[in-house]
Amino acid sequence: MPVSFEVNGNNRSLKLDTRTTLLDALREHLHLTGTKKGCDHGQCGACTVIVNGERINSCLSLALQHQGDSITTIEGLGTPEKLHPMQAAFVKHDGYQCGYCTPGQICSAVSVLKEIERGVPSHVQADITGNAQPTNIEMRERMSGNICRCGAYSNIAEAMAEVAGAQA
Ligand code: FES
Ligand code: FES
């Protein structure tokens, strides 16, 4: 089946087996290998990308569901010469070790700060009226779907706190 969507600002058209996941379309068909395959079962977050402003696990989504969507992968957030502020903060705070989970962590982290700004609720939110703050516990809860085998969690939280502070 044919499908067209925008990836990192470029229109891309593909002909895919209907069973192809968005993750495999990105990695195997568009050769955007920044997005990682960890579990392929929606449990690790390594495949997180941003679709129409929302983070999703791309391994749990069929590519054909994304006709006309706008998709941002780690390659679209920044470049080595011009890092996204969250990428720069991960480098500064050593928010990774092996780096396998990192593209998903960064896509998630960028979205988490936007979710907090928009008042999307979480299970640990103190203020149920929707006034979430980017506290350490709030960010850790919202990042709980992104697993890091290297245990870089504290440094990831520090990187996010810095970006959240810069945005405040
Ligand atoms: Fe998608 Fe693990 S590869 S959640
Ligand atoms: Fe190795 Fe997170 S940096 S899994």
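The values are calculated or read from the model by the stated rules, or taken from the named source; none is laboratory data. In this text, all values refer to a predicted model and were calculated from it rather than measured experimentally. Methodologically, a virtual Cβ is constructed for each residue, glycine included, from the backbone with ideal geometry; neighbour enumeration extends over all protein chains shown. SASA here: full protein model, heavy atoms, side chains in, ligands and nucleic acids out. Shrake-Rupley method; radii C 1.70, N 1.55, O 1.52, S 1.80 Å.
Mind checking which residues of region 85-102 are open to solvent by 10 Å² or more (accessible area, probe 1.4 Å), aromatic (Phe, Trp, Tyr) and in contact with a helix residue (DSSP H, G or I) (Cβ under 8 Å, 6 or more places away or on another chain)?
96
So is residue 118 farther than 30 Å from residue 16 by Cα and either within 15 Å of ligand 2 (Cβ to nearest atom) or open to solvent by less than 20 Å² (accessible area, probe 1.4 Å) (or both) or not?
Here the answer is no, as residue 118 does not meet what is asked.
For residue 79, which of the numbered conditions (1) modelled with pLDDT of 95 or more; (2) not in a strand (DSSP E or B) fails to hold?
(1)
Can you name every residue in region 135-150 that is away from ligand 1 (no atom under 16 Å from the Cβ) and open to solvent by less than 50 Å² (accessible area, probe 1.4 Å)?
Passing the criteria: 138, 139.
Looking at (1) surrounded by fewer than 16 Cβ atoms within 10 Å (Cβ to Cβ); (2) modelled with pLDDT of 95 or more; (3) closer than 22 Å to residue 60 by Cβ, which is the one condition that is false for residue 105?
For residue 105, the exception is condition (1).
I'm trying to understand the selection: among the residues of region 49-71, which are closer than 13 Å to residue 107 by Cβ, of a type outside the set (D, E, K, R) and open to solvent by 40 Å² or more (accessible area, probe 1.4 Å)?
53, 56, 57, listed by residue number.
Farther than 27 Å from residue 26 by Cβ and either without any contact (Cβ under 8 Å) to a residue 40 or more places away in the chain or of a type in the set (Phe, Trp, Tyr) (or both), is that true of residue 138?
yes
Quickly run through region 73-86 and pick out the residues that are within 16 Å of ligand 1 (Cβ to nearest atom) and among the polar types (S, T, N, Q).
73
Please specify each residue of region 87-123 satisfying the condition of being in a helix (DSSP H, G or I), more than 16 Å from ligand 1 (Cβ to nearest atom), of a type outside the set (A, V, I, L, M, F, W, C) and within 15 Å of the chain's Cα centre (by Cα).
Selection gives 87, 114, 115.
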